[in-house]
1. Mind listing whichever residues of region 710-729 are at pLDDT below 95 and either among the hydroxyl-bearing types (Ser, Thr, Tyr) or surrounded by fewer than 17 Cβ atoms within 10 Å (Cβ to Cβ) (or both)?
2. Can you report the number of residues in region 571-603 which are in contact with a helix residue (DSSP H, G or I) (Cβ under 7 Å, 6 or more places away or on another chain) and polar (S, T, N, Q)?
3. Could we say that residue 618 is surrounded by fewer than 20 Cβ atoms within 10 Å (Cβ to Cβ), within 22 Å of residue 680 (Cβ to Cβ) and small (Gly, Ala, Ser) here?
4. Yes or no: region 670-683 includes at least one residue that is polar (S, T, N, Q), crowded, with 21+ Cβ neighbours inside 10 Å and more than 31 Å from the chain's Cα centre (by Cα).
5. Could you say whether any residue in region 157-176 is modelled with pLDDT of 95 or more, at positive phi and among the charged types (D, E, K, R)?
6. Looking at region 119-149, which of the residues that are within 41 Å of the chain's Cα centre (by Cα) and within 10 Å of residue 109 (Cα to Cα) is surrounded by the most Cβ atoms within 10 Å (Cβ to Cβ)?
7. Those residues that are farther than 14 Å from residue 513 by Cα and not in a helix (DSSP H, G or I), I need them from region 432-463; list them, please.
8. Looking only at region 245-279, how many residues end up being surrounded by fewer than 17 Cβ atoms within 10 Å (Cβ to Cβ) and in contact with a Pro (Cβ under 7 Å, 6 or more places away or on another chain)?
Amino acid sequence: MNYLLTGLCGLLLASPLGVWAQKARPGAPGSASRTVQRHKSPAAGAGGPTAAPLVVPSWLQSEGPLQPAATVLTEVNNTKLDLRFDYQKQYLLGTAILTLRSHFYPQSQVVLDAKGFDVQKVELVGERKVKPLVYTYDKRQLTLTLDRPYSRTEAYQVRIVYVAKPNELPAGGSAAITAAKGLYFINPLGLEKNKPRQIWTQGETESNSCWFPTIDRPNQRMTQEISLTVENQFKTLSNGSLISSKTNSDGTRTDSWRQSQPQPPYLTSIVVGDYAIVSDVWRGKAVEYYVEPPYAATAKAVFGHTPEMLEFFSKNLGMDYPWDKYAQVAVRDYVSGAMENTTAVTHGTNVQVTRRELLDATYAGNETIIAHELVHHWFGDYVTCESWSNLPLNESFADYGEYLWAEHKYGPEEAALVQETKLASYLDEAQGKREPLIRYHYNEREDMFDRHSYAKGGRVLHMLRKYAGDDAFFASLNRYLVQNKQSAVEISKLRTAFEETTGEDLMWFFDQWFLKRGHPELHISHSYAAGALTLRVQQTQDTVYQPVYRLPVTVTVWQKDRSTDYRITTSKADQTFSFPATERPSLVKFDSEGQLLAQIDEDRTPDELIFQFDHARGYLQRSEVLELLQNKTGELPISALFRGALDDKFWAIRRTALEHLRRYRGPEGSAVRQAVLRVATTDPNSQVRAQALATLASFPDNAYRSTFLAALTDSSYIVAAAALAAVAKIPGSGVQPQVAALDNTSSSVLLLALADYYAQNGALNQYAWFLRRLPDVVEGDLYRYLQAFGALMVNIPPVERDKGQQLLEEYARHASRYDVRLGAYKGLALLMPSTPELKATLQRIREQETDQRLKAFYNLM
């Protein structure tokens with residue numbers, strides 16, 4: 001599973017609710033904390049001294065209940081489904097035949113997960129006869145009383161005829177997976193003119209039991225056969241291979257799919273829709289891309305590296321891709337980033353792009369998601385976490401797969417950018433919470449789908465790789481996969497695989513990184529005297545709640561243009577190391593490989609940082625210099641460094657330099673400004689050109705109007721969007737005709753940029769535009785679009801905005817996604833000063849909201 005809003009991305013993932021949950025960076029001035037008074041020591045006596053107060057960090061959250069792996073009493077060995085669909089009612093009409101077996105102890109009762117069904121028939125299916133079964137059903141679980149106890153050597157079958165009603169279930173969901181209905185009908189009646197009719201499923205974590213009866217736990221494993229009866233014009237997709245397709249006399253068709261290798265129930269998937277299937281191949285296995293027909297011509301441009309990825313990961317893991325085929329499909333209104341359903345990966349519509357949109361593609365876009373979901377087919381699908389507490393055994397590997405593919409395909413600079421982005425993502429979340437990676441205490445399963453399980457886990461694997469070495473790292477992963485194939489595991493299995501491979505006890509590594517919370521916070525200083533360099537490493541993190549870390553790391557000492565690497569291990573809260581040096585070093589760089597998951601405060605002068613940029617080993621060291629010197633761009637040597645960075649070979653350095661130059665206040669015509677202007681108009685990378693426009697727009701004299709107007713017609717949508725944001729800041733810019741020429745754009749990026757522009761500069765004339773374009777806005781963009789709509793309506797007379805106000809109220813009450821409801825609520829709130837009666841409406845919306853995330857947000861308002 002890839003985080004919602006990747007790009008999420010993602011993420012991996014920024015939720016609109018995240019803004020109120022963030023706290024100051026730990027260890028920094030103003031970091032939130034709370035104080036708890038310790039009990040008085042009995043020996044002190046009355047009036048005696050008390051212990052110092054215990055400062056509890058703000059990120060230490062209350063411990064949730066213990067969440068052990070589900071006890072396995074009965075195993076689901078095979079599931080056979082015969083499914084039809086009622087589009088009018090949005091029901092699934094199903095018959096399930098489950099092949100079951102007692103796990104160890106004889107069982108005379110079976111408890112199945114089945115959420116919100118109408119159960120019509122339950123019977124035991126024998127070789128010679130069918131026997132009705134007594135059952136009880138509470139709309140969540142179906143409890144069957146068998147005709148006798150069955151031992152673990154006896155398989156038996158039950159048939160269940162049922163109707164699933166997913167739309168009558170609570171929406172549920174989380175920031176990562178925004179709904180938990182399991183089965184989704186998209187535009188079922190065909191009333192939305194810009195949206196196709198589709199059916200698709202999303203099973204993680206335990207939502208597939210919303211559309212078929214099963215034991216919905218990750219430590220179950222089953223083969224399956226699914227028959228789908230659909231209208232003849234639709235294509236279908238499910239796990240495994242298509243074994244038959246039969247045309248029926250009533251204009252329907254029945255496709256049957258068989259998955260012959262067992263998988264956990266949450267990975268079962270079906271998709272129905274009008275698709276073009278673009279075919280590829282890897283070692284004779286079918287590789288297919290399901291996209292809406294208008295995007296067939298660009299499908300290989302998006303997915304085309306998939307066969308090469310299959311080859312790369314198969315070779316590095318020492319295990320060939322173990323499944324029958326590999327298909328990927330795009331669905332509308334998806335509730336997550338992407339999902340690793342075995343052999344049938346589901347993506348949102350972000351993977352459907354036009355040729356023009358391909359101009360803005362970066363590795364961090366769709367390709368990183370494609371790599372992520374593919375790696376899951378080894379880590380998650382083939383070897384599965386036995387409980388959601390062990391989710392990082394799925395997600396950390398998929399996250400690290402993004403790094404590995406970037407390193408292989410695009411080189412160390414692009415991989416280092418992944419490392420930097422993921423580390424920043426985790427550290428941002430760590431301001432508000434710090435949990436062990438493997439955590440057996442939590443409140444809800446969905447709590448596990450956070451930046452710890454993804455970004456932190458991937459960085460921990462990177463450190464393990466650096467410590468063990470590449471040969472041992474990949475040999476250990478192969479051992480883990482071979483020893484635990486097609487089974488459910490916990491973290492000890494991974495540790496054992498590494499220990500058996502390397503011969504080393506690695507409890508220290510797994511304990512501090514997987515089983516303890518937090519991360520190192522380091523202060524690094526150095527001094528030189530009498531031919532010796534002294535390096536001091538202080539671990540400044542709160543060691544009451546976090547460990548003192550053992551950190552193997554490389555230190556590089558530069559003397560003029562000669563560098564020497566030293567491998568050290570710090571394991572104390574305050575530790576010094578001494579190195580020979582014939583003269584004062586030009587630079588001392590701690591963690592010169594950039595491998596540590598840590599916050600590092602390293603003492604260096606501006607001259608040392610300039611030396612570091614000029615002699616840097618890779619992207620991370622250059623990027624760090626730009627970050628640390630961003631407030632000194634007015635100083636001549638540093639402005640010269642930034643100007644030079646605009647010609648760096650790696651696009652991300654140019655973009656980072658431009659981002660920090662937004663603080664530059666040199667005069668118009670200065671060398672720095674001229675360099676930014678040159679990049680804005682000539683850089684080959686659209687991400688860089690867009691950032692250059694944003695930087696020009698940040699300068700206070702509005703001197704680049706003609707540049708912004710020219711960029712409105714740039715071949716790149718993101719550059720045009722940046723130009724639109726720039727002209728929005730120029731008062732009386734008189735660009736309405738040029739902006740109006742973009743009104744009918746098909747680009748989501750540009751559509752949102754237009755909404756923001758009109759929110760700032762529009763009036764009654766744009767009111768109809770917002771209403772007209774609303775059906776074209778994808779669900780993931782509605783949070784922002786609806787707020788822009790509210791801002792636009794502030795600028796028009798209240799008597800003119802009844803329809804728009806009603807639309808916002810409807811979205812705020814009934815939108816299926818919680819972030820869309822929040823965006824509509826915020827849009828309505830903007831209107832309250834001029835429409836006082838809205839206060840009561842907003843109050844009713846808050847009172848009637850059932851989603852705990854939104855209720856928490858509303859309580860803070």
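1. Within region 710-729, just 729 meets the criteria.
2. Result for region 571-603: 3.
3. no
4. no
5. Checking region 157-176: not a single residue is modelled with pLDDT of 95 or more, at positive phi and among the charged types (D, E, K, R).
6. The selected residue is 144.
7. 432, 433, 440, 441, 442, 443, 444, 449, 450, 451, listed by residue number.
8. Summing the residues that are surrounded by fewer than 17 Cβ atoms within 10 Å (Cβ to Cβ) and in contact with a Pro (Cβ under 7 Å, 6 or more places away or on another chain) in region 245-279 gives 2.
The values are calculated or read from the model by the stated rules, or taken from the named source; none is laboratory data. Quantities reported herein were computed from a predicted structural model and do not represent experimental measurements. FYI the Cβ positions are ideal-geometry reconstructions off the backbone, even for glycines, and counts take in every protein chain you see.
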